[in-house]
Amino acid sequence: MVYLFIFLVSLIVFILLFINISPAFGSNPSKKQKERFSQLANYADGKFLNPKPTKLNMGAADYFSMLEENISGAKDRNPKGQIPVSEIDWNKVKSEKDSLTWFGHSAFLVSIDNKKILVDPMLGPVASPVSFVGSKRYSEDMLHLIDDMPPIDAVFITHDHYDHLDYPSIKKLKNKVNHFFVPLGVGAHLIDWGVKKVKITELNWWDESEFQGLTVAFTPSKHFSGRGPLNRNSTLWGGWVILGEKTRFYTSGDGGYGTHFKEIGKKYGPFDLTLIEGGQYDRRWSWVHMTPEQSVQAHLDVNGKNMMLIHWGAFTLAYHGWTEPIERALKASEKSGVNIIAPKIGETVPLDGEFSIPSSSWWAKLNK
C-alpha cells in the first residue's frame, strides 16, 4: 500500500508538472481579468456559466458503457482508409469573390468582402496536448497548408478545446494573421504562445465589433471550456456572426440545442449560410452537442437560408459512425426543406447564391 501511495502521488506530481511546463495547455486568465469577469451575469465563482443551468449527469453505468464501447469498438467509427484532401484552388481562395474552404471538423477559411478569415483553424494531426494520446486526424497533417495561404485578416476562435484551438496551428499562423477574435479569457492562451496582445480582441456574448467594414458579433452557445483538469470553464465559449455586404454568415461553435438559437436569429438573421455543429453527439452528453436533427432545427431557428454541417469528417470523439452525422442531417433536411451543402475537404465553395447538395456523397465511397 505504501508503494502504491508513493506511485500515485508521484504520478499526480508528474502530471501537474507536465501541465505547467507544456506550452500546449496554454495559460489562464489573469487575476485582474477574473475580477473584471466577476461583474458579468454569465460568470460566478471563477467560472463562466451557460445561458441556462446545465450539468453533466453521468453515473457509473454511463462510464462503464463508454468503456465497453471503447473496447468493443463501435461500427464504422473511423474511415477504412485515410480521407483524401482535395487540391486546394488557391486562386479561388485569393480572389475577391466570397467563398468558403473546409478543412474538416470545424476548421474553415471564409472570404467575405475580400477579407480572409480562418475559424477554429485546428490543422494539426491530433486533437490533444500530446502527440501520442488523442484522436488522430482522418486525413493527412494539414499544417503545411498554412504556408500556401494568403495573408489572413482575422482568426476567429469559438472556444479553447483542443479540436478547435490548436497550439501548433497558432504557432505557425501567428505571424501571418492581422487580428484574432476570441471569447473572454482565451486571449491568455494566445499571448502565452507569442501572439501580441494588441492583435487580440476578446468578446462576451452579444458583444459586437467592426472589423475592416465587417460587423462581427459573439453569440451564446450551451457548452463548456478548458484545456486541463483544473481550469474548466475559466474561459468563455460561443459562436460567431460575420456580416458583409453580400454574405450574412453564422457559425454555431460547439453546444447543445437551446432557445438561444431563436434569439440569435431574431437579432442577426437571416443568414445566407450557417455552419452548425452536428457531430460527436451522445445521449450521455446531450446538453453539450447536438444531434444532426437538432442541428437542422437550429439552422431554422437562426433563420438560415443554406446550411453546412460541421464538427465531423476529421476526428473520432464520440461513439457513432463517422459518416452518421451527415447522413442523418441530410435526411432531416429533406423533411424540413433545408438546403445543405457538403463539400469535400479542401474544396472551395463560392458563396454567390448557387448552393446545391452534391450529386454523389463523397464520404460513402470511402466506406466501401
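The values are calculated or read from the model by the stated rules, or taken from the named source; none is laboratory data. What you see is a predicted model, and the numbers here were worked out from it, not measured in a lab. In this analysis, Cβ positions are derived from the backbone assuming ideal geometry, glycine residues included, and neighbour counts consider all displayed protein chains. Calculation scope for accessible area: heavy atoms of the full protein, side chains included, ligands and nucleic acids excluded. Shrake-Rupley method; radii C 1.70, N 1.55, O 1.52, S 1.80 Å.
Odds and ends about this structure:
- Net +/- balance of residues flanking residue 87 in space, Cβ distance below 14 Å, scoring K and R +1, D and E -1: -2
- Here's how it looks for residue 271: its modeled amide H is under 5 Å from those of 304, 305, which are all 5 or more places away or on a different chain.
- In terms of distances greater than 26 angstrom between alpha carbons, the cross-link table entries 55/305; 176/197; 176/262; 116/196; 136/331 yield 55/305; 176/262; 136/331.
- Cα gyration tensor category, rounded, prolate or oblate, for region 233-317 with a/c compared to 1.5: prolate
- Cα gyration tensor shape for the chain, rounded if a/c is under 1.5, else prolate or oblate: rounded
- Under the Karplus curve 6.51 cos²θ - 1.76 cosθ + 1.60, θ = phi - 60°, whole-Hz ³J(HN,Hα) for region 139-153, x wherever Gly or Pro sits: 9, 5, 4, 9, 4, 5, 5, 4, 5, 8, 5, x, x, 9, 5
- Global geometry of region 144-293, whether rounded, prolate or oblate, following the gyration tensor of its Cα atoms and the 1.5 cut on a/c: oblate
- Between the amide H of residue 83 and those of 139, distances stay under 5 Å, these residues lying 5 or more places away or on another chain, with hydrogens modeled in the peptide plane.
- Note on residue 49 and residue 230: their simple-model spin labels are 2.6 nm apart, each label 7 Å out from Cα toward Cβ.
- Using the 1.4 Å probe convention, the accessible area of region 113-249 works out to 35 Å² per residue with neighbouring protein chains retained.
- Other residues whose C-beta falls under 14 angstrom from the C-beta of residue 289 contribute a net charge of -2, scoring Lys and Arg +1 and Asp and Glu -1.
- Between residue 175 and residue 207, the contour length at 0.36 nm per residue exceeds the alpha carbon distance by 8.9 nm.
- Peptide packing: for 116-129, 29-42, 254-267, the average count of neighbouring Cβ atoms within 10 Å per residue gives the ranking 116-129, 254-267, 29-42, highest mean first.
- Ratio Rg/Rh, restricted to region 202-273 and using Cα atoms, in which Rh is the Kirkwood radius: 1.02
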